[in-house]
1. What pairs can you find where one residue is in the stretch 212-236 and more than 23 Å from GLU160 (Cβ to Cβ), the other is modelled with pLDDT under 95 and open to solvent by less than 10 Å² (accessible area, probe 1.4 Å), and their Cβ atoms are less than 8 Å apart, with a gap of 6+ or different chains?
2. Evaluate the following for ASP92: is it touching a strand residue (DSSP E or B) at 6+ places or on another chain (Cβ under 6 Å), open to solvent by 10 Å² or more (accessible area, probe 1.4 Å), assigned to a loop (DSSP other than H, G, I, E, B) and modelled with pLDDT of 95 or more?
3. Against the conditions (1) in a loop (DSSP other than H, G, I, E, B); (2) without any contact (Cβ under 8 Å) to a residue 12 or more places away in the chain; (3) within 26 Å of TYR86 (Cβ to Cβ), where does SER157 fall short? Just the number, please.
4. Mind checking which residues of the stretch 174-184 are of a type outside the set (Ser, Thr, Tyr), open to solvent by 10 Å² or more (accessible area, probe 1.4 Å) and under 19 Å from the mean Cα position of the chain (by Cα)?
5. Return a yes/no flag: does the stretch 185-192 have any residue that is outside any loop (DSSP other than H, G, I, E, B), more than 24 Å from GLU158 (Cβ to Cβ) and open to solvent by less than 10 Å² (accessible area, probe 1.4 Å).
6. Might you let me know whether the stretch 154-165 holds any residue that is open to solvent by 10 Å² or more (accessible area, probe 1.4 Å) and farther than 16 Å from ILE229 by Cβ?
7. Could you check the stretch 41-84 and list, in sequence order, the residues that are touching a helix residue (DSSP H, G or I) at 6+ places or on another chain (Cβ under 9 Å), of a type in the set (Gly, Ala, Ser) and in a helix (DSSP H, G or I)?
8. Identify the single condition in (1) within 30 Å of LYS21 (Cβ to Cβ); (2) out of contact with any helix residue (DSSP H, G or I) (no Cβ under 6 Å at 6 or more places or on another chain) that LEU130 does not satisfy, given that it satisfies every other one.
Amino acid sequence: MAYVRRDAGTLTRAEQRRFVKALLEVKRRGEYDEFVRMHIEYFSADGEHGPRAAHMAPSFLPWHRRFLLDLEGALRRVDSSVTVPYWDWTRDRTTTSTPWTAHLLGGDGRRSDHQVTTGPFAHREGHWTLKVNVTDRVFLTRDLGRPGNPIGLPTRSELEWALKDPVYDTAPWDSTVTRGFRNKLEGWGAGRGNTAWRNHNRVHGWVGGDMLGGASVNDPVFWLHHAFIDLQWYRWQRRHRDARYLPATPPRRGDRQHGRIVARRQSLPPWDVTPAELEDVGRIYRYA
């Protein structure tokens, strides 16, 4: 039977505790840091050589769907009642609303060094030491809203702008495309600075701190954010029922994306699964 992912804002205090406890146990076992390493490894950009699976590519959505399933599996091996909740950032939009509460993810970082000092993931609690990072810092950081360079969360209308596009993705299948649901949701836009970030990317920028860059998995909000992004793909699929993941076939030799992106029935690294196999997850989970 399919399990249910729920809005983090609807969880009871007991459900919040079970989710946090399972996450801390996955961290204690050393499994969590492997997820951080994997995300860093697959955080490749348009200008880099080699294949792109996790970002700036059509497989952004199936890659993170499988990534979420792996983390969820680790949590459920600890406590079978736990699923990954989602953070609806079109509704919970302040620095003190869900999920920034003492019983869930803790709050903002302090002004001096952005260190998170509240909640179960604060370094001083002794359960959340960063071991895989691009710096030698061991504590979690956040800079919600980035007051020094203010940025706002995406709105419902900005999310709708992505959802109403009936095409999944278009050539050249990277961060420069202006049509297609995938990049409108992933959020690579024209220009420079905060205004170029849309939807998914803007949320990473709004949280700031460790959510900026390949090691963003160090902040547990990564999973709540990506569960909400996954929900948007789920909703898009139901709105555009005849639409499928694109490209259907790999770019031909001579195309600059040849060998760099994953077509519908190609294996999605590092797993032996295809985007086509990840399009329908109804037998695994559903959203409330």
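The values are calculated or read from the model by the stated rules, or taken from the named source; none is laboratory data. As the structure is a computational prediction, the values presented were derived from the model and not from experiment. Heads up, the Cβs are rebuilt from the backbone with ideal geometry, glycines too, and the neighbour counts pull from every protein chain shown. Accessible surface is based on the protein model in full, side chains and every heavy atom, while ligands, DNA and RNA are left aside. Shrake-Rupley method; radii C 1.70, N 1.55, O 1.52, S 1.80 Å.
1. none
2. Against the criterion (touching a strand residue (DSSP E or B) at 6+ places or on another chain (Cβ under 6 Å), open to solvent by 10 Å² or more (accessible area, probe 1.4 Å), assigned to a loop (DSSP other than H, G, I, E, B) and modelled with pLDDT of 95 or more), ASP92 does not qualify.
3. The one condition SER157 does not meet is (1).
4. LYS184
5. No.
6. Checked against the condition, which is being open to solvent by 10 Å² or more (accessible area, probe 1.4 Å) and farther than 16 Å from ILE229 by Cβ, the stretch 154-165 yields at least one hit.
7. ALA74
8. Exception for LEU130: condition (2).
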